[in-house]
1. Where in segment 14-95 are there helices (runs of 4 or more DSSP H), lying fully within it, with 3 or more residues that are hydroxyl-bearing (Ser, Thr, Tyr)?
2. If I filter segment 13-20 for residues that are in contact with an Asp or Glu (Cβ under 8 Å, 6 or more places away or on another chain) and modelled with pLDDT under 90, do I get at least one hit?
3. In segment 19-54, which residues are more than 18 Å from LYS99 (Cα to Cα) and within 13 Å of the chain's Cα centre (by Cα)?
4. Read through the list (1) touching a Gly at 6+ places or on another chain (Cβ under 8 Å); (2) under 15 Å from ASP108 (Cβ atoms), then give the number of the only condition that ARG144 fails.
5. In this structure, does GLU167 turn out to be modelled with pLDDT under 90, part of a helix (DSSP H, G or I) and either in contact with a Cys (Cβ under 8 Å, 6 or more places away or on another chain) or not hydrophobic (A, V, I, L, M, F, W, C) (or both)?
6. Here's a check for you: in segment 187-198, which residue that is within 13 Å of ASP109 (Cβ to Cβ) and in contact with a helix residue (DSSP H, G or I) (Cβ under 7 Å, 6 or more places away or on another chain) is most open to solvent (accessible area, probe 1.4 Å)?
7. Of all residues in segment 45-66 being small (Gly, Ala, Ser) and at pLDDT below 95, which is farthest from LEU94 (Cα to Cα)?
8. Could you pull out the residue among LEU182, LEU130 that is open to solvent by less than 40 Å² (accessible area, probe 1.4 Å) and over 14 Å from ASP104 (Cα atoms)?
Amino acid sequence: MSDLTPPATAVVDLLGMLAFGELVAFDRMAADARLAPDLRRRAVLSEMAAREITNYRRLSDRLAELGADTEDAMRPYVQAVSEYHQQTEPADWLEGLAKAYVGDGIADDFTREVAAVLAGPDQDLILDVLHDSRHADFAADELRAAIAADPKVANRLSMWARRLVGEGISQALRVAAERPSLAELLAIGGTDFQALLRRLTSAHTARMGAVGLNN
């Protein structure tokens with residue numbers, strides 16, 4: 001970590017980005033729950049959706065402590081995130097799970113990279129919010145089970161995941177480029193976009209292999 005202190009505007013920008021991500025995650029999980037093949041899975045996703053709202057509230061409360069308006073802090077990310085989801089609308093339950101596993105994984109990796117130079121309560125809050133891996137673990141287990149039951153599923157989901165990673169990394173780099181304060185956080189940490197891209201891609205490759213998908 002650099003000895004440079006991140007500017008307050010950068011902290012607000014990062015918290016705003018994550019708050020909007022949590023709000024969208026709630027919407028997506030609630031929608032995915034309706035695609036669930038049974039009531040047990042529907043209930044699991046509904047409970048996870050409730051957790052996302054709790055995380056959103058924690059981030060919103062911290063933004064208020066910093067004197068920032070949550071809606072204003074989230075607004076710069078609406079277009080990029082909305083375009084990503086418009087381009088990657090899942091067609092069924094398994095595509096929704098793969099999107100949660102792959103897409104959310106990329107977003108979390110990106111957020112950790114940007115938050116690496118923070119210290120104290122802000123970094124602790126962000127890492128605690130990202131640490132809740134129940135949704136990713138659930139998606140991974142479901143994907144492994146589906147592939148074990150029908151190995152042909154792996155080819156379709158691998159193609160879908162490649163589309164997701166392309167869109168996800170593209171939007172992550174777009175956000176970093178459009179928000180100078182976030183780019184400044186990366187610079188403070190000594191990270192350039194190419195190095196960031198390599199790390200995001202490497203983490204994605206490992207994530208794919210862990211559930212039996214081809215990169």
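1. In segment 14-95, 39-65 are the helices (runs of 4 or more DSSP H) which contain 3 or more residues that are hydroxyl-bearing (Ser, Thr, Tyr).
2. No - not one qualifying residue is present in segment 13-20.
3. Taking segment 19-54 and keeping what is more than 18 Å from LYS99 (Cα to Cα), we get 19, 38-40, 43, 47, 50-51, 53-54.
Answer for segment 19-54, where residues must be more than 18 Å from LYS99 (Cα to Cα) and within 13 Å of the chain's Cα centre (by Cα): just ALA19.
4. Answer for ARG144: the failing condition is (2).
5. On the way: modelled with pLDDT under 90: yes; part of a helix (DSSP H, G or I): yes; either in contact with a Cys (Cβ under 8 Å, 6 or more places away or on another chain) or not hydrophobic (A, V, I, L, M, F, W, C) (or both): yes.
Yes.
6. My answer is LEU197.
7. Of segment 45-66, the ones small (Gly, Ala, Ser) are 46, 49-50, 60, 64.
From what is left, the residues that are at pLDDT below 95 are 46, 49-50.
Numbers: SER46: 17, ALA49: 18, ALA50: 21 Å.
Residue satisfying both the conditions and the ranking: ALA50.
8. None of the others qualify; the one that does is LEU182.
The values are calculated or read from the model by the stated rules, or taken from the named source; none is laboratory data. Small disclaimer: the values here were computed from a predicted structure and weren't measured. Neighbour counts are summed over all protein chains in view; Cβ atoms, including those assigned to glycine, are modelled from backbone coordinates with ideal geometry. Ligands, DNA and RNA are stripped out before the accessible areas are found, and what is left, the full protein with its side chains, is counted by its heavy atoms. Shrake-Rupley method; radii C 1.70, N 1.55, O 1.52, S 1.80 Å.
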